[in-house]
Amino acid sequence: MPRSYWVETLGCPKNQVDSEKLVGTLVADGLVAAAGPDTADLVVVNTCAFIEDARQESIDTVLALSDARQRGAELVVTGCMAERYGDELAAALPEVDNVAGFGVPVSLGPTRKLPEFDLLNLPRPAATAPWAYVKVAEGCDRACGFCAIPSFRGPQRSRSVESILAEVDQLGTREIVLIAQDLAAFGRDQGQGERQIVPLVNAVASRVDRVRLLYLYPSDLTDPLIDAICSSGVPYFDLSLQHVSRPLMRRMRRWGDGERFGDRIGAIRAREPDAAFRSNFIVGYPGETEDDHDALLRFVEEAQLDWCGFFSYSREDGTYAADLDGVVAPQLMAERLDELTQLQDAITAHRRSELIGRTIEVLVDEPGVGRTHREAPEIDGIVTVPEHLATGSFHTLVVTDSLGPDLAAALPEPAGLLG
Ligand code: SF4
């Protein structure tokens, strides 16, 4: 009877890809998927350590699965918590059998371990949805004041374009979502002095119906990259802006400000009126003043982005910001977060309602659910579509309604019926 496994994934899409690759190695080694964590011989938790809330969720999940697992089952913790806290975590969680950082062997029972492997370049099972994330690099060379990721994911390591294209072909999906910590810097670490993101986007776009990019650092949004994204047919821009106040951006050790971001977004909209925009912002970074907050409110109001995520600043050991003065009180941080979220929810709902009556091109992700170029999987709204449309197929539909972040769409009336 083959051993069975259960892999629980927390955190970001990059962790999801890591889990899929881990599953690929376990299956290649003869293990089979368990029906649930309570029937598995091997339970693996792929953790997230980005901010305090994520760490707490990781610990809670490990403890819950430790209680749920069957007698004699092995519990392995991997992912960012394992990489960042290693032995400390193992000491704090005696119920865990193995704390395995990236590429560290996940055990296959008391006597056997998988050989050392490089998660980044491992093969993946075929996709189960019409879209898939493809992780094109690991690590990051930047030093944003609030971020600990470079300290445990290391410097940027880009994959070869050949290995990425082989994975795209093997996944066999209609849409590929390219991801990395610092996507637009792809290839810069490969000694060619120049980024390779544009040729990569073009190469992937020639293989699949849609290529989408997440996590674009704004200073790397060059004209050639904007051209490549627009001509791929998916004018979707996920810009990691984080704030807009110039003095605060300097304290964050990040490039840019609201004026430059606004000019870039305006230039893209002039070139592609149907372009869609997403961004993330940190609220309550040490030193954030009322003026800084007002500047962000004004930017959000003026930029009219389709989607925004707002996150409370989380103090991270070992980061530049950890020892900065000007700590923002949690109550004030919560008030600012709430104000921004309410403002953006209204903007998103309004932009969605403006699409009523428009003709859209939809990829059906599952029965009754689809997405246009405006919606990334899992993080943006959806389009509800007629149930009979086949999963994995594209359809031209008409938007009939909107509800907050979501749209409803139907097949266009046959020409004759419109009289
Ligand atoms: S770009 Fe900045 S925020 Fe993103 S992973 Fe790198 S250091 Fe962290």
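The values are calculated or read from the model by the stated rules, or taken from the named source; none is laboratory data. It should be emphasised that the depicted structure is a prediction, and the values quoted were computed from it without experimental measurement. Every residue, glycine as well, gets a Cβ built from its backbone with ideal geometry; the counts of neighbours run over all protein chains shown. Side chains are part of the model used for accessible areas, which takes the heavy atoms of the whole protein and leaves out ligands, DNA and RNA. Shrake-Rupley method; radii C 1.70, N 1.55, O 1.52, S 1.80 Å.
Computed values, structure above
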| read-out | value |
| --- | --- |
| Given (1) out of contact with any Asp or Glu (no Cβ under 8 Å at 6 or more places or on another chain); (2) in a loop (DSSP other than H, G, I, E, B); (3) within 16 Å of the ligand (Cβ to nearest atom), index of the condition E288 fails | (3) |
| Condition met for F152 (at pLDDT 95 or above and of a type outside the set (A, V, I, L, M)) | no |
| Positions within region 188-212 being within 16 Å of the ligand (Cβ to nearest atom) and in contact (Cβ under 8 Å) with a residue 40 or more places away in the chain, in sequence order | R188, D189 |
| For I347: the one exception among (1) in a loop (DSSP other than H, G, I, E, B); (2) in contact (Cβ under 8 Å) with a residue 40 or more places away in the chain | (1) |
| Residue check for R124: within 16 Å of the ligand (Cβ to nearest atom) and assigned to a loop (DSSP other than H, G, I, E, B) | no |
| So A143, is it at pLDDT 95 or above, within 13 Å of the ligand (Cβ to nearest atom) and touching a strand residue (DSSP E or B) at 6+ places or on another chain (Cβ under 6 Å) | no |
| Helices (runs of 4 or more DSSP H) contained entirely in region 134-205, each with at least 3 residues that are more than 21 Å from L122 (Cα to Cα) | 149-153, 197-205 |
| Any hit, region 259-266, residues being free of Cβ contacts under 8 Å to residues at least 60 places away in the same chain, assigned to a helix (DSSP H, G or I), β-branched (V, I, T) and open to solvent by less than 10 Å² (accessible area, probe 1.4 Å) | yes |
| In region 276-301, the residues that are open to solvent by 10 Å² or more (accessible area, probe 1.4 Å) and under 25 Å from the mean Cα position of the chain (by Cα) | R278, N280, I282, L297, F299, E301 |
| Index of the failed condition, V104 passing every other in (1) open to solvent by 20 Å² or more (accessible area, probe 1.4 Å); (2) at pLDDT 95 or above; (3) β-branched (V, I, T) | (2) |
| Residue in region 215-222 that is more than 21 Å from the chain's Cα centre (by Cα), within 14 Å of the ligand (Cβ to nearest atom) and surrounded by 15 or more Cβ atoms within 10 Å (Cβ to Cβ) present | no |
| Residues satisfying the stated conditions in region 146-165, i.e. open to solvent by less than 20 Å² (accessible area, probe 1.4 Å), more than 9 Å from the ligand (Cβ to nearest atom) and either farther than 21 Å from G191 by Cβ or of a type in the set (F, W, Y) (or both) | F152 |
| Residue match in region 319-332 (condition: farther than 26 Å from A49 by Cβ, crowded, with 18+ Cβ neighbours inside 10 Å and small (G, A, S)) | no |
| Count of region 221-273 residues which are over 24 Å from V208 (Cα atoms) and of a type outside the set (S, T, Y) | 28 |
| Residue identified as aromatic (F, W, Y), over 25 Å from D141 (Cα atoms) and open to solvent by 10 Å² or more (accessible area, probe 1.4 Å) among W307, W255 | W307 |
